[in-house]
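Read the structure below first, then the notes.
The values are calculated or read from the model by the stated rules, or taken from the named source; none is laboratory data. What you see is a predicted model; the values in this text were computed from it and never measured. So basically every Cβ, Gly included, is an ideal-geometry build from the backbone, and we count neighbours across all protein chains shown.
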């Protein structure tokens, strides 16, 4: 019986050694094969994102969270907030190429604050410079106090 356990013990060692040797030989073969094959670059290229060509500015109520798509938000105190969509340079699927800016107001008919106006003017100037957007491609939506100025070109009324 003892002779049988010694034979089994040797069989386990032989199997283990054979397994290690075969795995080592296989790894060297795959390494050699990988060195011989030429590396070909991928032929497909990632589709570049469409550039931003337009800016849309609108107001939104402060107490109700705006569920619509937007990139940047300016609160009543003139603080600028970026969304994850802006950080990822994601486009609104319904309005490709448009940067969406929301100005929060406490009442829909209320105008924007002086701090918001100052922050918006600075933001629009930076965006126009960074993305080469013409002033004719800036749209003001739902902004009665800015749209009612004597000047028909509303963006110039906020200091552009």
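Against the definition (at pLDDT below 90 and surrounded by 10 or more Cβ atoms within 10 Å (Cβ to Cβ)), how does residue 104 come out, yes or no?
On the way: at pLDDT below 90: yes; surrounded by 10 or more Cβ atoms within 10 Å (Cβ to Cβ): yes.
Spelling it out, residue 104 is indeed at pLDDT below 90 and surrounded by 10 or more Cβ atoms within 10 Å (Cβ to Cβ).
State yes or no: is residue 138 in contact with a helix residue (DSSP H, G or I) (Cβ under 6 Å, 6 or more places away or on another chain) and at pLDDT 85 or above? Walk me through it before giving the result.
Details: in contact with a helix residue (DSSP H, G or I) (Cβ under 6 Å, 6 or more places away or on another chain): yes; at pLDDT 85 or above: yes.
Taking the combined requirement at face value, the residue satisfies it.
Considering only segment 109-133, state which residues are in a helix (DSSP H, G or I), in contact with a helix residue (DSSP H, G or I) (Cβ under 8 Å, 6 or more places away or on another chain) and closer than 18 Å to residue 86 by Cβ. Outline the logic, then answer.
Step one: filter segment 109-133 for residues in a helix (DSSP H, G or I), giving 114-131.
This time we only want the ones that are in contact with a helix residue (DSSP H, G or I) (Cβ under 8 Å, 6 or more places away or on another chain), so: 117, 120-121, 124, 128.
If the condition is that a residue be in a helix (DSSP H, G or I), in contact with a helix residue (DSSP H, G or I) (Cβ under 8 Å, 6 or more places away or on another chain) and closer than 18 Å to residue 86 by Cβ, then 120, 124, 128 are the ones that fit.
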